[in-house]
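Remarks on the structure that follows.
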């Protein structure tokens, strides 16, 4: 599993705009760069990120080989009800990782 840093507020007032930040540790090999022996390293990138809030998709991104290693994503949503914030990353070579955080809305 990749190392992930996630910043989701634990609590928020109903109707409050909250910021969600994620950073995942991943080398993000483009598939274009040759190694020391001149052999092109195979592509290994995160292709898709999806964030669901209480089961509903609130943010989704399609990533390409131009994305930096250890991609950082920041976005906002409105706190409407208490629930689970689920973040999923999918990539090449069968890479998949999902992390969850609870959000309590008062």
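The values are calculated or read from the model by the stated rules, or taken from the named source; none is laboratory data. A quick note: this is a predicted structure, and the numbers were derived from the prediction, not measured. So basically every Cβ, Gly included, is an ideal-geometry build from the backbone, and we count neighbours across all protein chains shown.
Tally time: how many residues in the stretch 34-46 are outside any loop (DSSP other than H, G, I, E, B), surrounded by 15 or more Cβ atoms within 10 Å (Cβ to Cβ) and either without any contact (Cβ under 8 Å) to a residue 24 or more places away in the chain or more than 10 Å from the chain's Cα centre (by Cα) (or both)?
To start, the set of residues in the stretch 34-46 that are outside any loop (DSSP other than H, G, I, E, B) comprises 34, 40, 44, 46.
Now narrow it down to the ones that are surrounded by 15 or more Cβ atoms within 10 Å (Cβ to Cβ): 44, 46.
Add one more test, that the residue is either without any contact (Cβ under 8 Å) to a residue 24 or more places away in the chain or more than 10 Å from the chain's Cα centre (by Cα) (or both), and what stays is 44.
Residues in the stretch 34-46 being outside any loop (DSSP other than H, G, I, E, B), surrounded by 15 or more Cβ atoms within 10 Å (Cβ to Cβ) and either without any contact (Cβ under 8 Å) to a residue 24 or more places away in the chain or more than 10 Å from the chain's Cα centre (by Cα) (or both): 1 in total.
Name the single residue that is nearest to residue 78 (Cα to Cα) among those in the stretch 17-33 being modelled with pLDDT of 90 or more and surrounded by fewer than 14 Cβ atoms within 10 Å (Cβ to Cβ).
17
Got at least one residue in the stretch 70-81 being in contact with a strand residue (DSSP E or B) (Cβ under 8 Å, 6 or more places away or on another chain), surrounded by 14 or more Cβ atoms within 10 Å (Cβ to Cβ), modelled with pLDDT under 95 and over 30 Å from residue 104 (Cα atoms)?
Of all residues in the stretch 70-81, those in contact with a strand residue (DSSP E or B) (Cβ under 8 Å, 6 or more places away or on another chain) come to 70-81.
Filter once more, so that each one left must be surrounded by 14 or more Cβ atoms within 10 Å (Cβ to Cβ): 70-71, 73, 75, 77, 79-80.
Add one more test, that the residue is modelled with pLDDT under 95, and what stays is 70-71.
Among the residues that remain, those that are also over 30 Å from residue 104 (Cα atoms) are: none.
No; the residues of the stretch 70-81 include none that is in contact with a strand residue (DSSP E or B) (Cβ under 8 Å, 6 or more places away or on another chain), surrounded by 14 or more Cβ atoms within 10 Å (Cβ to Cβ), modelled with pLDDT under 95 and over 30 Å from residue 104 (Cα atoms).
For residue 87, are the conditions met, namely being surrounded by 16 or more Cβ atoms within 10 Å (Cβ to Cβ) and over 23 Å from residue 104 (Cβ atoms)? So that I can check it myself, show each step before the final result.
Working: surrounded by 16 or more Cβ atoms within 10 Å (Cβ to Cβ): yes; over 23 Å from residue 104 (Cβ atoms): no.
Criteria not met by residue 87.
What residue, of 15, 31, is over 23 Å from residue 81 (Cβ atoms) and assigned to a loop (DSSP other than H, G, I, E, B)? So that I can check it myself, show each step before the final result.
Numbers: 15 fails: over 23 Å from residue 81 (Cβ atoms).
Checking each option against the conditions leaves just 31.
Test residue 103 against the stated conditions and say whether it is within 11 Å of residue 12 (Cβ to Cβ) and either within 16 Å of the chain's Cα centre (by Cα) or in contact (Cβ under 8 Å) with a residue 60 or more places away in the chain (or both). Full working, then the answer.
On the way: within 11 Å of residue 12 (Cβ to Cβ): yes; either within 16 Å of the chain's Cα centre (by Cα) or in contact (Cβ under 8 Å) with a residue 60 or more places away in the chain (or both): yes.
For residue 103, the condition - within 11 Å of residue 12 (Cβ to Cβ) and either within 16 Å of the chain's Cα centre (by Cα) or in contact (Cβ under 8 Å) with a residue 60 or more places away in the chain (or both) - is met.
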